[in-house]
Every structure is written in C-alpha cells, then in structure tokens.
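The values are calculated or read from the model by the stated rules, or taken from the named source; none is laboratory data. Quantities reported herein were computed from a predicted structural model and do not represent experimental measurements. FYI the Cβ positions are ideal-geometry reconstructions off the backbone, even for glycines, and counts take in every protein chain you see. For the accessible areas, the whole protein counts, side chains as well, though only heavy atoms, and no ligand, DNA or RNA atoms are used. Shrake-Rupley method; radii C 1.70, N 1.55, O 1.52, S 1.80 Å.
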Amino acid sequence: DLRESALALKLESFSHAVKSGALMARGMPRFEMLTDDEIRQLFAYIRSRARAVALGNNEPDTGAPTPAHL
C-alpha cells in the first residue's frame, strides 16, 4: 500500500520506483511510459489518500463526488 510507504514521501524516490520498476519483486510493474507530469499527479493523489487515511477516512476513493448530505 503506497499510502503507507516511505517511498511516497519524496517525489524523486517515488518517480524512480515507478519508472524503473524498483518494486517489481513485490508485484508492482514498471510504468516507464508515464510522463513526469503524470507521475506528479499520481504522487499527489497517493499523498492525498494517505492524509485521508491518517484522518480516519479509510474508504476507497471511487472518483465520484460525495453527496454533501451524507
């Protein structure tokens, strides 16, 4: 779970692991085709989910807007 990984604390480390396949032995493929901008966006998303978990919101993000009344 990258939300809890030290790897997701620094963009440079995260980018290297994603592009090079440094975690292939753990089952994560390499994504050498991603642009630097796409990796920054992915990094920001993972960090935002890590913050949500730390604040007690461990529900998966479906990408759908959450109704304000729920």
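In region 12-35, the residues that are within 15 Å of Ile46 (Cβ to Cβ) reach residues that are part of a helix (DSSP H, G or I) and of a type in the set (Asp, Glu) with C-beta atoms within less than 9 angstrom, at least six apart or across chains, in these pairs: Ser15/Asp36; Phe31/Glu38.
A count restricted to region 18-39 and to residues that are open to solvent by 100 Å² or more (accessible area, probe 1.4 Å) and not hydrophobic (A, V, I, L, M, F, W, C) stands at 3.
When Leu7, Leu42 are checked against the criterion of being surrounded by 11 or more Cβ atoms within 10 Å (Cβ to Cβ), out of contact with any strand residue (DSSP E or B) (no Cβ under 6 Å at 6 or more places or on another chain) and modelled with pLDDT under 85, a single residue qualifies: Leu7.
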